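Single-structure report; data block below.
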Amino acid sequence: MIALEDRAVEVGALATELKQLDGRLMVLFATGSAGAQEELCALVRAGDAVIKLRAPVQRRAYPAVTPMVPAAHWFEREIHDLQEITPEGHPRLEPLVRHPPEQRELELPEEEDVRLAHRGAERLAGPGVFVIPYGPVRSGVFESAQFLVQTGGEDVAYCAQRLFFKRRGAERRICEVPLELAVLVAERVSGTSSVAHALAFSHAVESLAETEVPPRAQAIRRMLAELERLYNHLEVTVRECEDASLSVGHAQFAALKERLHRLAGAVVGNRYLRGAVIPGGTRIDLNGPALDLIDATLSEWEREWQRVLAVLLRTDSFLDRLVSAGPLSEDDARDFACVGPVARASGIDLDTRRDLPYDGYPDFDAARHSDGDAMARMEVRFREVHVSLELIREAAASLMPGPTRAELGPFTRQSALGAAESARGETLYWLEADGERALRFCKLRAASFMNFGVFNRVFDSQVLTDFSFIEHSLGLSPAGCDA
Amino acid sequence: MIRWFLRGVTQRRLTTRYPRAEEPAPPGFRARALLDPSATNPRLAWRAAEACLPGALILDHQDRLRLDATRCIGCGLCVEAIEDGPLAIDSGYELASSSRRRLVVGDVAESDTSPAVLDGPFRRSLHIRHVDAGSDGAVEQEIAALLNPYYDMQRLGLFFTASPRHADVLLVTGPVTKPMEEPLRRAYEAMPEPRVVIAAGTDACSGSIWTEPDVLGGVDRVLPVDVYIPGDPPSPIALLHGLLLASGRAREVSAPRWHGRWRSSRENRD
């Protein structure tokens, strides 16, 4: 259960208040239906506390927060698009969520415009400069997203990311459907992070109902969450090998990833671990044979993984492409409140499993790196694979007999925050109760929503041929971002 | 590079024999629900339908259950909701059919008499263009998994192609969100004829748990769909089966009908 420190502020003072807190902006959203009094709500991680700032909005406009707190940039555009509340003075108030399907040209502000600094755009003009509209249907098997790459041929002058082609209305669906079925929606927001989304949602619901999860369910949850992290980190490795035209490496890592999905299918009945986590505990139990299967598979898997990884880390053609590609400075990562391996690879010490502890995670070392380039992000993932294997073993050893689910009581609280660390970073669900068994409001924020925000900055003065290396090193999920 | 070469050649064969041999799913795998339409208990039926989020199980006007496999996400909550009821979970990997009607059990106009085999011009090789129309991201990974050594789809003459102009098959995932409708249509129009459209995944087949106004509710609202591959997400074998079906090299699956209760009750009589 996450304790929140509630503070009411004037909407005009929201930006300065956020700046003074000097924390990490977790989420910013507007509550209240049209007509009723709208309220801006910001959750900030400052020190060890989570502070909730509330500010009522008058006349559907307020002074924008983004000029002082850059991390708010996408949140404010989202609020502008969906709730039609205008953040006045926002450096880039173009449509973010509700945009026309495709755009083929970039519209950059004029030179010496303050807005240019916010975008991190290097203005390029003249003959030979052109824009590549890449997406939303891209070559290869990829999720839909569009990238407008401005280039003179080789150097990327500017890259604009356009998301939200895949918005399916998950927040609306979560409130519409019966409470006991809502976790199925959360599992399908980002299909490769089903466990993390189900966990974050369940944590929020459990917090609303003040229900304790039995220790056995907590251990099973940890095992599943770490198994999910393994195959997501493998996915990034597979993609990077593919980009480097390393066919044998691609085949070997893809085979390793497949083994994890087969294990998931055998223990949970779904290759993406769906239908396992529910509010109050878990739907499945892991019995002796299942635990033996997990242990045997992962022991063999780890030996094989270490062998292939050792070869990969001695392959110069692979390392050359990743080292120094797509650097993200610690300042940018902090300013834009990046999360997960992307933030950790730029030297930021954060991990939801440790910072907002849940499901009985033991103490562990969060992998970190200071280089901030694509290789650093990979190395963070490689170390996390090791940590995840340890955590799975620890959880299996700590399995005590007992129930795997607790009866979910009626809601006793009005609102709650749920968090979980997916393979991509901190995943958040903010829920507001409607009576004792229903939800009135849901705001979900996937890790990719934060990390997509720095996409253009990571491409600053990079070359076009490194595009896919850099993109994949960020390990983003358009489905999660778009929700 | 020599290290990679040695790793490549010193390993045993991983590739499945599918479709020449069956590839069994692990026991307990939740592919889709099965329904015994002969069992009728309105109270139980109502409870099962209540537990079905995507609306795969619905009651007809006579309070009889009807199961639509193109909407089923295999969550298994219906089986949990009614103990010893007319429902079971199917663990089979193969799920594809060329007709949505054929994947429905309990309809009055049910028509699964003779599973047809698509006979197209693509028996030898198939070039596939994938379009994501709002999926959850897992289907893409299952499609990409077709290239891993376990499935190695190229051995079956199946290839991905970068351009719709070179494609025979449009493999569509996702329930078709509003912003993806136009790009999807344009990809289809860029394809030469003859062309085949495959809806991959429960959300592409029917919209699954997603509803208007954000999604249109299935690929067949926009394009004529030739093969439906339900599954949440469909496993690589399910995808292979659907692709082979599109090229006339596999048989359709039958409706999600459950005979288990009937069989066991007869055994009891004997």
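For chain B, compute the orientation-averaged projected area of the C-alpha convex hull (one quarter of its surface), in nm².
The number I arrive at for chain B is 17.4 nm².
If you place +1 on the Cβ of every Lys and Arg and -1 on the Cβ of every Asp and Glu, how big does the dipole about the Cα centre of the protein assembly as shown come out, in debye to the nearest 20?
Details: 88 positive and 108 negative charges, 430 e Å.
Its charge dipole is roughly 2060 debye.
For region A:346-419, which chymotrypsin sites (Phe, Trp or Tyr not before Pro) are in a loop by DSSP, counting at most 15 other Cβ atoms within 10 Å?
A:PHE364
Working only with C-alpha atoms, what are the Rg and Dmax values of region A:219-312, expressed in angstrom?
Answer for region A:219-312, Rg first and Dmax second: 14.4, 46 Å.
Given springs between every Cα pair under 10 Å in a Gaussian network model of chain B, which of B:LEU240, B:LEU53, B:LEU103 has the largest fluctuation?
Looking only at B:LEU240, B:LEU53, B:LEU103, the largest GNM fluctuation is found for B:LEU53.
Using a cut-off of 10 Å between beta-carbons, work out the net charge of the residues near B:LEU216 (Lys and Arg +1, Asp and Glu -1, B:LEU216 not included).
Local net charge: -2.
Sorted from fewest to most neighbouring beta carbons within 10 Å, what does the list B:THR70, A:THR66 look like?
Exposure proxy ranking, most exposed first: A:THR66, B:THR70.
Taking a virtual spin label 7 Å from the Cα of A:GLU107 along the C-beta vector, which residues in region A:82-96 bring their backbone nitrogen under 16 Å of it?
Taking a point 7 Å out along Cα→Cβ of A:GLU107, the residues of region A:82-96 whose backbone N falls under 16 Å are A:90-96.
Can you tell me the alpha carbon radius of gyration of region A:244-375 divided by the globular rule-of-thumb value 2.2 N^0.38 Å?
Normalised by 2.2 N^0.38 Å, the Cα Rg of region A:244-375 equals 1.30.
Among A:HIS386, A:HIS197, which comes first, second and so on when ranked by fewest other beta-carbon atoms within 10 Å?
The most exposed by this proxy come first: A:HIS386, A:HIS197.
Taking the Cβ of each residue in A:THR427, A:THR282 as the centre, tally the other Cβ atoms inside 10 Å and list the residues starting with the fewest.
With the fewest neighbours first, A:THR427, A:THR282 line up as A:THR282, A:THR427.
Where the only charges are on Cβ atoms (+1 Lys, Arg; -1 Asp, Glu), what is the dipole of region A:116-250 about its Cα centre, to the nearest 20 debye?
In debye, rounded to 20, region A:116-250 gives about 360.
Using a Gaussian network model of chain B with C-alpha springs under 10 Å, which one of B:ASP68, B:ASP152, B:ASP90 is most mobile by mean-square fluctuation?
So, out of B:ASP68, B:ASP152, B:ASP90, the one fluctuating most is B:ASP152.
Give me the net charge of A:ALA367's neighbourhood, meaning all other residues with Cβ under 11 Å from the Cβ of A:ALA367; Lys, Arg count +1, Asp, Glu -1.
Summing Lys and Arg as +1 and Asp and Glu as -1 gives 0.
Can you tell me what share of the DSSP beta bridges in chain B is antiparallel? A percent to the nearest 5 is fine.
In chain B, approximately 40 percent of DSSP beta bridges are antiparallel ones.
Could you tell me the ratio Rg/Rh of chain A? Both radii from Cα atoms, Rh via Kirkwood.
Rg/Rh: 0.96.
Greater than 25 Å separation of Cα atoms is the criterion. Which listed pairs, A:LYS52/A:LYS443; A:LYS443/B:LYS178; A:LYS19/A:LYS443; A:LYS19/A:LYS166, meet it?
A:LYS19/A:LYS166
Under the Karplus relation 6.51 cos²θ - 1.76 cosθ + 1.60, θ = phi - 60°, what is the ordered set of whole-Hz ³J(HN,Hα) values for region A:328-333, x standing for Gly and Pro?
Once rounded to whole Hz, the list reads 10, 6, 4, 4, 5, 4.
Please express the Cα-Cα pair-distance distribution P(r) of region B:150-193 as a list of whole percents, one per 10 Å bin, running from 0 to the bin with the greatest distance.
Going from the shortest bin to the longest, the percentages are 24, 44, 26, 6.
I'd like the antiparallel share, as a percent to the nearest 5, of DSSP beta bridges with both residues in chain A. Each step should come with its number before you reach the end.
On the way: 45 of 53 bridges.
The antiparallel fraction comes to roughly 85 percent.
From the backbone phi of region A:233-243, what are the Karplus-calculated ³J(HN,Hα) couplings (6.51 cos²θ - 1.76 cosθ + 1.60, θ = phi - 60°) in whole Hz, Gly and Pro given as x?
5, 5, 4, 4, 4, 4, 4, 5, 5, 4, 4
Which net charge results when you count Lys and Arg as +1 and Asp and Glu as -1 among the other residues whose beta-carbon is under 9 Å from that of A:GLY409?
Around A:GLY409, the charge tally is -3.
Just B:GLY28, B:GLY92, B:GLY207 to compare: in a GNM of chain B, with alpha carbon springs under 10 Å, which one fluctuates most?
Greatest mean-square fluctuation among the candidates belongs to B:GLY28.
Please work out whether region A:152-194 counts as rounded, prolate or oblate from its C-alpha gyration tensor, where a ≥ b ≥ c are the square roots of the eigenvalues and a/c under 1.5 means rounded, while otherwise a/b larger than b/c means prolate and anything else oblate? Could you put the intermediate results ahead of the total?
Numbers: a/c = 6.80, a/b = 3.22, b/c = 2.11.
It is prolate, given that a/c is not under 1.5 and a/b is the larger ratio.
The numbers here are math on the coordinates, done by the rules we state, and not lab data. None of the values given here were measured: they were computed from a predicted structure. Positions of Cβ are backbone-derived with ideal geometry, glycine not excepted, and every protein chain shown enters the neighbour counts.
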